Amino acid sequence: MRFQIDHDWQGNMATPRVRIGENAKIQLLLVLCAIWILFGLTGHAPWKPLEASSITIVKGIINGGSLIAPRAAGESSLESPPLYYLSAAASAILLSPVFNMHDAARLINALWMTIVLLMVGMTGRELWVRGVGRHATFILIGTIGLVINAHSLNAEVANLAAAATGFYALALSKRRPWRASGLLGIALSAGFLSDGFITPLILLATALLLPLLFQAWRTSSFAKIVATAVIISSPPIIAWLILLYMQQPAIFNHWLQASVHGFNQQNHFYFLRILVWYAWPALPLAMWGLWRHRRQLLSKPKFQLIITYFATALLLLGYGASSKDINAMPLLLPLVALGAGSVEHLKRGAAAALNWFGIMLFGLIGFLIWLGWIAMMTGHPAKIKERMQFLSGSHATDFHWVMLLFAILITAIWLFTCVRIKQSNRSTVTNWAVGMTFGWGLLMTLWLPWVDAAKSYESVFTGMHKALPARAGCINSLNVGQSQRMLLNYYTNINLRPVADAESLHCKLYLIQDEKGVAKMQPGDEWKLIWRGKRAADRKESFRLFKRR
């Protein structure tokens, strides 16, 4: 197969080779990426709702469960294809001598998010000029909606890596056709095998719409790139589908029907609405770019790609994704790409306003985090300590030198960026990325024990497990949430048997979840209460365990 390269077609999309130099900027970028990626991946229990099902899927794989159709505890249907969970299980096995299962599994996100940041940076550089790639990476690091989702054990992280790779491949398509076709093929297969149909459909729909709508993309070379990518992606996808059908035909049919019938939602307005905060600061930068380049939006290939991808992603996500903010992550890619190219052209007043807003915002966040930590360590101010103990349910005051040193280092980096004499448009996005890393890093070093105490179910379910009588047998349950049921299985290996009414109680034990504001269900006299518990800071839900007399 022969590709023709049209160098004039891309214009600014052509990228010169990286120049040796600018070591300080590159080192700052690498340090920021490392801190942003690694902090928050370890040191805490699985949190609901994002990690409850994922950790039981990983646990099932490690304990000898299916590699083709790994499922969450107690589930008969497939949540998503296995690629991400297999990688997380491999990480858990590899790092098990050092970390516990959930921390070791979550560390696989360091690999997936490195791919995301690398692809986003190269996309910015490819679409614009040398140096813009750093802007793109800084903007993505600073994006408010990404930080928590990127550090959760969830298949959408691998899905974002696939989407970022595919988006970069489309940007690269005219200058490096062979490389673009290979990357696009990998993105299609990885996206399908990590989260199903949506990401491959977004990439393929974008690739098909571009030549239909714009003359610049209507070339035989681009058609060959897309065709080659489909050929490359097909073998792993088809192999998994065949294996799933042969080994678990019922699960295959249920998953396929659920995937197809899942495209009946109407969440377009939800995704547009949350972008106001979720995509900050990429959104205002992208809007400025739209206004500044408004006369070129339909004539230049890079704008055609950005707009087509965003519209396609919004349309398909609105129909096929549930109203959870983690599903909006692919929408960040075109906004970041457009915003990165707009940084150099910001008006001085707008750049200064964004810079000072970031300094004030993250300065306030950092001050409050340090103040809360000091209050918990010293007891002063007493009111703040009381409030933190109330919200976290923890009175722990363990002092960790290593975490304190990391917190001081992060604070010093942020202060250094704030007091630099020279301020520019470039420093605005750099300062924002440093500020986000500063706030997230402080939260994950100084406050993590108390945040985890408020969110973890470990003490609740291990306490319940200790209260179980010998030879407990099965446990019926009522109103126990899906996430709680899965986390119970993770900590105790117990599979609950939900019941619809009292006549379905076949087990000798009965677990009930109570909700604030809802009347408590009282079992009959034949049941004896043997345990009750809740998270220390939880004012909404609690659990009661009964034993048949």
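Selection of helices (runs of 4 or more DSSP H) fully inside region 47-115 by the criterion of at least 3 residues being of a type outside the set (Gly, Ala, Ser) and under 26 Å from Gln248 (Cα atoms) returns 52-62, 83-94. A search for C-beta distances below 9 Å between a residue of region 148-170 that is under 14 Å from Met119 (Cβ atoms) and any residue that is hydroxyl-bearing (Ser, Thr, Tyr) and open to solvent by 10 Å² or more (accessible area, probe 1.4 Å), counting only pairs 6+ apart in sequence or on different chains, returns Ala158/Ser87; Ala161/Thr114; Ala162/Ser189.
Residue-by-condition table, conditions (1) hydroxyl-bearing (Ser, Thr, Tyr); (2) in contact with an Asp or Glu (Cβ under 7 Å, 6 or more places away or on another chain):
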| position | (1), (2) |
| --- | --- |
| Asn253 | no, no |
| Ala258 | no, no |
| Ile274 | no, yes |
| Tyr278 | yes, yes |
| Ala282 | no, no |
| Ala286 | no, no |
| Arg292 | no, no |
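Quick check on region 340-360. Is at least one of its residues closer than 20 Å to Val116 by Cα and either at pLDDT below 90 or part of a helix (DSSP H, G or I) (or both)? Looking through region 340-360, at least one residue is closer than 20 Å to Val116 by Cα and either at pLDDT below 90 or part of a helix (DSSP H, G or I) (or both).
The residue of region 87-143 that is farthest from Asn425 (Cα to Cα), among those that are aromatic (Phe, Trp, Tyr) and surrounded by 22 or more Cβ atoms within 10 Å (Cβ to Cβ), is Trp112.
Close Cβ contacts (under 8 Å, 6 or more residues apart or on different chains) running from residues in region 355-384 that are at positive phi to residues that are part of a helix (DSSP H, G or I) comprise Gly379/Lys385. Which of (1) touching a residue at least 24 places away in the same chain (Cβ under 8 Å); (2) open to solvent by 30 Å² or more (accessible area, probe 1.4 Å); (3) part of a helix (DSSP H, G or I); (4) not small (Gly, Ala, Ser) is the odd one out, the single condition Arg175 does not satisfy? Tallying (1) touching a residue at least 24 places away in the same chain (Cβ under 8 Å); (2) open to solvent by 30 Å² or more (accessible area, probe 1.4 Å); (3) part of a helix (DSSP H, G or I); (4) not small (Gly, Ala, Ser), Arg175 fails exactly one: (3). Ala161 meets the conditions (1) buried (at least 24 other Cβ atoms within 10 Å of the Cβ); (2) within 17 Å of Tyr84 (Cα to Cα); (3) touching a Leu at 6+ places or on another chain (Cβ under 8 Å) in every case but one. The failed one is (3). The condition of being hydroxyl-bearing (Ser, Thr, Tyr) and surrounded by fewer than 19 Cβ atoms within 10 Å (Cβ to Cβ) holds for only one of Thr378, Thr428, Thr445, that being Thr378.
Going by what's in this entry, would Phe399 be described as not β-branched (Val, Ile, Thr) and not in a helix (DSSP H, G or I)? It is true that Phe399 is not β-branched (Val, Ile, Thr) and not in a helix (DSSP H, G or I). Within region 127-176, the set of residues being over 13 Å from the mean Cα position of the chain (by Cα), closer than 18 Å to Trp36 by Cβ and among the polar types (S, T, N, Q) comprises Thr137 only. Summed over region 435-476, the residues that are in a helix (DSSP H, G or I), of a type in the set (Phe, Trp, Tyr) and under 16 Å from Leu496 (Cβ atoms) give a count of 1.
Taking the criterion of being over 16 Å from Leu212 (Cα atoms) and either at pLDDT below 95 or out of contact with any helix residue (DSSP H, G or I) (no Cβ under 7 Å at 6 or more places or on another chain) (or both), no residue of region 304-314 qualifies. When Phe390 is tested against (1) of a type outside the set (Gly, Ala, Ser); (2) in contact (Cβ under 8 Å) with a residue 12 or more places away in the chain; (3) open to solvent by 80 Å² or more (accessible area, probe 1.4 Å); (4) outside any helix (DSSP H, G or I), only condition (4) is not met.
Take the residues in region 310-343 that are more than 20 Å from the chain's Cα centre (by Cα) and open to solvent by less than 20 Å² (accessible area, probe 1.4 Å); name whichever of them is farthest from Trp128 (Cα to Cα). Filtering region 310-343 for residues that are more than 20 Å from the chain's Cα centre (by Cα) and open to solvent by less than 20 Å² (accessible area, probe 1.4 Å), the one farthest from Trp128 (Cα to Cα) comes out as Thr312.
Taking Glu515 as the residue in question, decide whether it is touching a Lys or Arg at 6+ places or on another chain (Cβ under 8 Å) and open to solvent by 40 Å² or more (accessible area, probe 1.4 Å). Answer is yes for this residue.
The values are calculated or read from the model by the stated rules, or taken from the named source; none is laboratory data. Since this is a predicted model, take the numbers as computed values, not measurements. Neighbour counts are summed over all protein chains in view; Cβ atoms, including those assigned to glycine, are modelled from backbone coordinates with ideal geometry. The area values use the complete protein model at the heavy-atom level, side chains included, leaving out ligands, DNA and RNA. Shrake-Rupley method; radii C 1.70, N 1.55, O 1.52, S 1.80 Å.
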